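Below is one structure, written out as structure tokens; comments come after it.
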Amino acid sequence: MLDAGDNTKKMTLIVTKGTLDWAYPPFILGTTAAAMDVEVTMFFTFYGLQLLKKDLDLKVSTLGNPAMQMPMGGMHMSMPNIMPMIPGVDRMTTTMMKNLIKKKGVASIEDLREAAVEMEVKIIACQMTLDLFEIDRNDLIDGVEIGGAATWLEEATASDINLYL
Amino acid sequence: MADQVLDAKGLNCPLPILKTKKAIKGMTPGQVLQVMATDPGSIADMTAFCNQTGNELMSQSNEGDVYTFEIKVA
């Protein structure tokens, strides 16, 4: 993977979101790029740091997301914004989403994250966010580097693709 | 004909690509990997993967819902 030849392409991703649905784009792009011999750096900041916790408990919310329509019995069900206020609704939506993921042969976030680590994707956790939200470094998976904006910038200026997700 | 066969049926993006990469890693140049997938997106993705990684997509075909790819390892 890390051939570091002259033609090696590089990509960095800034991962800012920590919900079950938005955990997919960074991990799909990161693992696929690594599989295509791209050198990948993923910088996890703010809510994205939740995706590095050893024990993942990711949820999905319909709140503020009128585009979310869950397939149901051949139809699509959207949820009014009042719904996630009701206790248990986010949990129900999360369960529905997890069932769909399984049924459609979509990888779990745990599996994709494991693949990323296996393919030597460079994973950086934002020091400032760790401080801000008092996240214990020991609660994060092994192999995580700690860094800040400058660490990402050093990688980004030498990369072909930089995405904020 | 193929040196190794990978059954990626029922798996969705990006798993067929990730598993293909893993299989290729354990093979030697010149060997042929046959991949079977049901993800319609794999037609475009397998082509892109081979273009980018230099492995040769020798053939692709489909029978019903199953797409079969033959990749010669670079």
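If we only count strands (runs of 3 or more DSSP E) wholly inside segment B:15-74, which ones have 1 or more residues that are within 11 Å of another protein chain (Cβ to nearest Cβ)?
On the way: elements: B:32-37, B:56-63, B:66-72.
In segment B:15-74, B:32-37 are the strands (runs of 3 or more DSSP E) which contain 1 or more residues that are within 11 Å of another protein chain (Cβ to nearest Cβ).
Quick check on my filter: what residues within segment A:79-91 are surrounded by 15 or more Cβ atoms within 10 Å (Cβ to Cβ) and farther than 11 Å from residue A:64 by Cα? Before you say what the answer is, go through the steps one by one.
So in segment A:79-91, the residues surrounded by 15 or more Cβ atoms within 10 Å (Cβ to Cβ) come out as A:79, A:83-84, A:89-90.
Of everything in segment A:79-91, those that are surrounded by 15 or more Cβ atoms within 10 Å (Cβ to Cβ) and farther than 11 Å from residue A:64 by Cα turn out to be A:89, A:90.
What is the residue count in segment B:27-50 for residues that are touching a strand residue (DSSP E or B) at 6+ places or on another chain (Cβ under 8 Å) and not β-branched (Val, Ile, Thr)?
Taking segment B:27-50 as the starting set, the residues that turn out to be touching a strand residue (DSSP E or B) at 6+ places or on another chain (Cβ under 8 Å) are B:27, B:30-40, B:42-43, B:46-47, B:50.
This time we only want the ones that are not β-branched (Val, Ile, Thr), so: B:27, B:30-31, B:33-34, B:36-37, B:39-40, B:42, B:46, B:50.
Going through segment B:27-50 one residue at a time, the tally reaches 12.
Checking residue A:157 against (1) modelled with pLDDT of 95 or more; (2) within 20 Å of the chain's Cα centre (by Cα), which single condition isn't satisfied?
The single condition residue A:157 does not satisfy is (2).
Is there a residue in segment A:108-125 that is surrounded by 12 or more Cβ atoms within 10 Å (Cβ to Cβ) and over 30 Å from residue B:10 (Cα atoms)?
Scanning segment A:108-125, I find at least one residue that is surrounded by 12 or more Cβ atoms within 10 Å (Cβ to Cβ) and over 30 Å from residue B:10 (Cα atoms), so the answer is yes.
In segment A:120-165, which strands (runs of 3 or more DSSP E) lie fully inside it and hold 2 or more residues that are over 21 Å from residue A:19 (Cβ atoms)? It would help to see each step written out before you state the result.
Numbers: elements: A:122-126, A:145-147, A:161-164.
Per the criteria, A:145-147, A:161-164.
Of everything in segment B:3-43 that's exposed (fewer than 15 other Cβ atoms within 10 Å of the Cβ) and aliphatic (A, V, I, L, M), which residue is nearest to residue B:59 (Cα to Cα)?
In this case the residue turns out to be B:43.
Are any residues in segment A:22-43 facing another protein chain (nearest Cβ under 8 Å) and out of contact with any strand residue (DSSP E or B) (no Cβ under 9 Å at 6 or more places or on another chain), and if so, which ones?
A:28, A:32, A:35, A:36, A:37
The values are calculated or read from the model by the stated rules, or taken from the named source; none is laboratory data. Since we're looking at a predicted model, the values are computed, not measured. Quick reminder, even Gly has a Cβ in these numbers, built from the backbone with ideal geometry, and neighbours come from all protein chains shown.
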